[in-house]
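S.K.: Below: one structure in structure tokens.
The values are calculated or read from the model by the stated rules, or taken from the named source; none is laboratory data. Predicted, not measured: the structure shown is a model, and the values here were computed from it. Note: ideal-geometry Cβ built from the backbone for every residue, glycine included; neighbour counts use all protein chains shown.
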Amino acid sequence: MSTGASVPVGARDRPRSRAVIPGGAGEAPSSSRWAAALARVPLRRLSQIDGRSFRQMRELAGAAHRDAETYQSVSDVQLRAEAYHQRVLWRLGTADNACLVKTHALIAEASRRTLGLVPHVEQHLSGIAMARGAVVEMQTGEGKTLTAAFPAVLAAFRGYPVHVVTSNDYLATRDGDALAPLYASLGLTTGSISEGSEPSARRAAYAADVTYVSNKELAFDFLRDRVTRLQSEAQEFETSADILIPRLGQCIVDEADSVLVDEARTPLILSEGQGQLDLAEGPLEAILEIARGLREGGHFRRLAADQLILTPAAYEQSDPVLLQLDPLLRNARLRRTVLHQALMAIHGLHLNQDYIVVDGSIQIIDEYTGRSMPDRAWSDYLQAFVEIKENCRRTGTRSVLASTTYQKFFRRYEKLCGMTGTAAEVSQELHAVYGLRSCPIPSHRPTRRARYAPAFFRSSEEKWPAVARRATEMRATGRPVLIGVRSVEATLAISQRLAAHDVPHQVLSALNHAAEADIVARAGEAGAVTVATSMGGRGTDIRLSPAAKAAGGLHVIIAEAQDARRIERQLAGRSARQGDPGSFECMLASDEPLLRSLSARFPSQGVNVLGSSAGLWLLRCAQQLVERRHRQARRLLTTYDERYDRMLAFLGKPD
């Protein structure tokens, strides 16, 4: 149920020209000729499913779609018996393409009976591609939720524990509950896990045939299991009953580009403890005041929103004072660390953008999902400085128990595949890091999504009233409107403008995530106006009322530039789903947060002088720069992982 760029079938079926390398005396060695021929093949082509395999999968998908009709006359008991027979064949390893077709047909008929949904050929095709270890790129509204059931059932029949990984808890619960009747009709059990799940509930969910879980909950459960195993080895007792995840079998990643790429920039660290900080609160408050006196340009430089570099002038000014605060600060490394973290707390992290305050406690906002993370904390005194800055309750220090990276974790699975609406841009990275080939899937229905001309404003003070007017105009015609922004702060700004225009609206952000299901359910009603952070993006299925469809469908306003155009495509993909009408437009300004974080390269004054067309072009350039930096960070993290494994190779198999 996401957007994606489809590739015409005819383009795939076109025969590929084969390079002819002349033979004869005096020619380059065979390996050199092959290297020269390979160099002429585009890298994206190497990371995609080849045309021959695609045609074979399409034939199998067509056969499964036709065979599903043959099961419509059988009883539920007979259908379940046939499912059991296919399960035995898959478990014995004797299943062939004919069994694949029959199993897909059984799943399709079970879906019709339990969910009232009849899978189309493209869903069968996507399921077959994922069963063969690919990342499929499906258009928005093509039914990714149901599509995941095909490879999940096949893997469960083969005896693999199946983990369907979503980008947040809301989707894990929603999809798991929605498809539970389908799995049950085929003799399979299901479970779902969310942030508040108790350990006993988690074990029961992971013991099921198919488990729906968010990427963060899954990865941290894995780290908890690692700590449990280490403790059992140290104390020489058996802890199998305490293990949460018994086996990493088949993993199906929804929104694969978000989980496997976007969120793979930072390591996952499991910590515990509420001990006292090494530095007392008095010195920490003094350090924060010292950081407040540092000025950009003279004492520090801003490379990006989350990258601040201190200059020698900052150390010269602060060191004499820091040395008098605490004997521990005689350590030069500690002095630089705490000063940099204090600077980040003031200039790098902002209320209602990077975190919110709930009941006197700091809650970090996930930059990818827009959701708050109550059990997460920053390290190296950064959490303490933010708590002092906002006058919040102190949480003390935390000790690291275990850590990993998404690159390292997901490669542990015996089988890995995924689906998304935006795989084309990251297909090479998915292939290089995870060995996953991408497979663009043609859309089932022609899209009816209209794109309005983008608008560019000199400042946000001009942009927000214009966004409110546009929402008012669309609402007057009976169309629902979704306004997408980056932060909680932006939702508050546009909410004030809408209230000034007497426009009834609802806000979806980390401040009211508990009402997410209710807000999404009403967002498709005629004349509804919804303001949302990233919570209203990936995976959000806004169902239109008949009146909203007749008025022209959902209109999406992208009111802030995202770090990548893929994310904007995902937001635009909330409209015109499953053949419905819809439209989207971008309304941006020269002081976008994206440009402010790169002000050294893209000064807003220069953007205003150049005009709207150049401003939009510079925004796209800034997005490319941010994506390049993120890609470099992920590559560096993978390099550290590989280097660490080589260092520990003498101990046996790397952890």
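S.K.: Restricting attention to the range 320-340, which residues are exposed (fewer than 15 other Cβ atoms within 10 Å of the Cβ) and free of Cβ contacts under 8 Å to residues at least 24 places away in the same chain?
M.R.: Selection gives PRO320, LEU323, GLN324, PRO327, ARG330, ASN331, ALA332, ARG333.
S.K.: Do you know which residues across the range 245-303 are under 22 Å from the mean Cα position of the chain (by Cα), part of a helix (DSSP H, G or I) and among the aliphatic types (A, V, I, L, M)?
M.R.: Correct list: ALA256, VAL259, LEU260, ALA264.
S.K.: Looking at the range 179-200, which of its residues are part of a helix (DSSP H, G or I), surrounded by fewer than 19 Cβ atoms within 10 Å (Cβ to Cβ) and at pLDDT 95 or above?
M.R.: Keep residues of the range 179-200 that are part of a helix (DSSP H, G or I), which gives 179-185, 199-200.
Narrowing further to those that are surrounded by fewer than 19 Cβ atoms within 10 Å (Cβ to Cβ): 181, 184, 199-200.
Residues satisfying the conditions are PRO181, ALA184.
S.K.: Looking at CYS392, CYS417, which one is in contact with a Cys (Cβ under 9 Å, 6 or more places away or on another chain) and either at pLDDT 90 or above or buried (at least 19 other Cβ atoms within 10 Å of the Cβ) (or both)?
M.R.: On the way: CYS392 fails: in contact with a Cys (Cβ under 9 Å, 6 or more places away or on another chain).
Being in contact with a Cys (Cβ under 9 Å, 6 or more places away or on another chain) and either at pLDDT 90 or above or buried (at least 19 other Cβ atoms within 10 Å of the Cβ) (or both) holds for just one of CYS392, CYS417, which is CYS417.
S.K.: For the range 159-173, does any single residue satisfy the condition of being in the same structural domain as GLY421 (by TED's automatic domain parsing), farther than 30 Å from ASN97 by Cβ, in a helix (DSSP H, G or I) and free of Cβ contacts under 8 Å to residues at least 40 places away in the same chain?
M.R.: yes
S.K.: Out of (1) touching a helix residue (DSSP H, G or I) at 6+ places or on another chain (Cβ under 8 Å); (2) crowded, with 24+ Cβ neighbours inside 10 Å, what's the single condition that is false for ALA548?
M.R.: If we test ALA548 against (1) touching a helix residue (DSSP H, G or I) at 6+ places or on another chain (Cβ under 8 Å); (2) crowded, with 24+ Cβ neighbours inside 10 Å, just (1) comes out false.
S.K.: When you go through SER399, SER379, SER372 one by one, which is the residue that is under 19 Å from ALA490 (Cβ atoms), of a type in the set (S, T, N, Q) and touching a strand residue (DSSP E or B) at 6+ places or on another chain (Cβ under 9 Å)?
M.R.: On the way: SER399 fails: under 19 Å from ALA490 (Cβ atoms); SER379 fails: under 19 Å from ALA490 (Cβ atoms).
Within the list SER399, SER379, SER372, the selection yields SER372.
S.K.: Only residues that are aliphatic (A, V, I, L, M) and either crowded, with 20+ Cβ neighbours inside 10 Å or without any contact (Cβ under 8 Å) to a residue 60 or more places away in the chain (or both): list them for the range 374-389, please. If you could, list the steps in order and put the result at the bottom.
M.R.: In the first step, residues of the range 374-389 are kept if they are aliphatic (A, V, I, L, M); the result is 377, 382, 384, 386, 388.
Selection gives ALA377, LEU382, ALA384, VAL386.
S.K.: Hey, among the residues in the range 85-136 that are part of a helix (DSSP H, G or I) and polar (S, T, N, Q), which one's nearest to THR422 (Cα to Cα)?
M.R.: Going through the range 85-136, the residues part of a helix (DSSP H, G or I) turn out to be 85-92, 97-114, 121-131.
Those left that are additionally polar (S, T, N, Q): 86, 97, 103, 111, 114, 123, 126.
Working: GLN86: 34, ASN97: 29, THR103: 28, SER111: 26, THR114: 30, GLN123: 17, SER126: 14 Å.
In this case the residue turns out to be SER126.
S.K.: Let me ask something else. Go through the residues of the range 568-575 one by one and say whether even a single one is in contact with a helix residue (DSSP H, G or I) (Cβ under 8 Å, 6 or more places away or on another chain), modelled with pLDDT under 90 and charged (D, E, K, R).
M.R.: Looking through the range 568-575, at least one residue is in contact with a helix residue (DSSP H, G or I) (Cβ under 8 Å, 6 or more places away or on another chain), modelled with pLDDT under 90 and charged (D, E, K, R).
S.K.: Given GLY553, GLY582, GLY536, GLY573, which one is in contact with a His (Cβ under 9 Å, 6 or more places away or on another chain), crowded, with 22+ Cβ neighbours inside 10 Å and in the same structural domain as PHE457 (by TED's automatic domain parsing)? Steps first, please.
M.R.: Details: GLY553 fails: in contact with a His (Cβ under 9 Å, 6 or more places away or on another chain); GLY536 fails: in contact with a His (Cβ under 9 Å, 6 or more places away or on another chain); GLY573 fails: in contact with a His (Cβ under 9 Å, 6 or more places away or on another chain).
Result: GLY582 is the single residue among GLY553, GLY582, GLY536, GLY573 that is in contact with a His (Cβ under 9 Å, 6 or more places away or on another chain), crowded, with 22+ Cβ neighbours inside 10 Å and in the same structural domain as PHE457 (by TED's automatic domain parsing).
S.K.: Here is a follow-up. If you take just the helices (runs of 4 or more DSSP H) that sit entirely in the range 479-558, which of them hold at least 1 residues that are under 22 Å from the mean Cα position of the chain (by Cα) and of a type in the set (S, T, N, Q)?
M.R.: Details: elements: 488-500, 516-522, 546-551.
Qualifying helices (runs of 4 or more DSSP H): 488-500.
S.K.: Hey, does the range 343-351 have a residue that's assigned to a loop (DSSP other than H, G, I, E, B) and of a type in the set (Gly, Ala, Ser)?
M.R.: First, the residues of the range 343-351 that are assigned to a loop (DSSP other than H, G, I, E, B): 349-350.
Those left that are additionally of a type in the set (Gly, Ala, Ser): none.
Within the range 343-351, none of the residues are assigned to a loop (DSSP other than H, G, I, E, B) and of a type in the set (Gly, Ala, Ser).
S.K.: Return the pairs, sorted by first residue and then second, in which the second residue is at pLDDT below 90 and assigned to a strand (DSSP E or B), the first residue lies in the range 400-418 and is closer than 18 Å to LEU430 by Cα and β-branched (Val, Ile, Thr), the beta carbons are less than 6 Å apart, and the residues are 6+ apart or on different chains.
M.R.: none
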